[in-house]
Amino acid sequence: MEGEPITDIRPDLKGPKNIAILLFISAFLVAGMGYQDWQLHHGGLNDAQIEVFLTTPNSQEGEPTSVEDYRDFEASVQEESGYLIRAVALLSTSICLLVGSVLLHRLQRRGALLCVVGASTGLVGGVAGSIIINQNAQEYLGEAMKLTYEIWVYLCGSIMGLCLAVTALPLLNARARLALTPRVQLSESEE
């Protein structure tokens with residue numbers, strides 16, 4: 001078919017760099033959430049913080065949650081390592097996203113792969129930890145708090161799933177993949 005124009009696919013150099021910037025910022029947000037879970041695993045909240053935390057849920061309809069109920073919930077979650085699982089998953093995700101985003105900004109394929117591994121870790125570990133926390137919430141807490149922790153499971157899964165989808169974009173898009181492929185320059189040798 002000689003009449004059809006031949007179009008070359010050119011590498012998209014801006015797309016992966018923009019995604020890298022987004023993932024770099026996201027790494028700090030994920031690290032903050034992981035650090036919060038780390039603190040909850042090692043110390044938990046004091047009585048004054050629990051009372052402030054329970055003010056809004058207890059003002060709604062349904063069974064209220066007492067400070068003692070929340071303490072039992074916290075102890076059970078810490079015993080089953082729910083906060084620890086989620087903290088380790090999110091902190092390792094943030095490290096992978098941080099390092100991977102820098103490499104991706106330099107258009108290195110291993111940066112995109114590292115971000116995908118980190119987001120996958122966050123998805124699996126974050127959802128697993130959230131499920132453990134939710135199961136304990138269903139056992140110890142009042143109605144409003146049960147719903148809150150159930151929503152957290154879906155929220156963590158959907159956000160980390162979205163993060164995984166964004167990290168996979170440079171590997172799935174043809175133009176972005178070309179930008180991550182090492183450039184080979186052929187030189188004409190003189191004989």
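What follows is calculated from the coordinates using simple rules that are stated; it is not laboratory data. Nothing here was measured: the structure is a model prediction, and the numbers come from that model. Here the Cβ positions follow ideal geometry from the backbone for every residue, glycine too, while neighbour counts run over all protein chains shown.
The separation of the stretch 7-54 from the stretch 103-168, counted between C-alpha centres, amounts to 10 Å. Restricting to DSSP H runs of at least four residues, report the calculated mean residue ellipticity at 222 nm for the chain, -39500 (n - 2.57) per run over all residues, nearest 500 deg cm²/dmol. My calculation for the chain gives -26500 deg cm²/dmol from helical runs alone. Calculated FRET efficiency, D47 to I151, Cβ-Cβ distance, R0 = 25 Å: about 0.45 to the nearest 0.05.
Shape annotation for the stretch 19-60: C-alpha extents along the principal axes are 42, 27, 11 Å, from largest to smallest. Name the residue, out of Q78, Q135, Q49, whose mean-square fluctuation peaks in a Gaussian network model built on the chain with Cα pairs under 10 Å. Looking only at Q78, Q135, Q49, the largest GNM fluctuation is found for Q49.
As a proxy for reagent exposure, V116, V102 were ordered by neighbouring Cβ count within 10 angstrom, fewest first; the result is V102, V116. The calculated Kirkwood hydrodynamic radius for the stretch 1-83 is 17.4 Å, given to one decimal from all distinct C-alpha pairs.
Going from the residue with the fewest nearby Cβ atoms within 10 Å to the one with the most, L178, L23 rank L178, L23. Converting phi to 3J(HN,Hα) with the Karplus coefficients 6.51, -1.76 and 1.60 and the offset θ = phi - 60°, the stretch 127-134 yields 5, 4, x, 5, 5, 4, 5, 5 Hz in sequence order, with x at every glycine or proline. Counting neighbouring Cβ atoms within 10 Å and putting the fewest first, the residues M145, M33 line up as M33, M145. Viscosity 0.692 mPa s, temperature 37 °C: what is the translational diffusion coefficient of the chain from Stokes-Einstein with a Kirkwood Rh over Cα pairs, rounded to a whole number of µm²/s? Rounded, D is 173 µm²/s. Using the Cβ-Cβ distance between R110 and Q36 with R0 = 30 Å, the FRET efficiency computed as 1/(1 + (r/R0)^6) comes to roughly 0.50.
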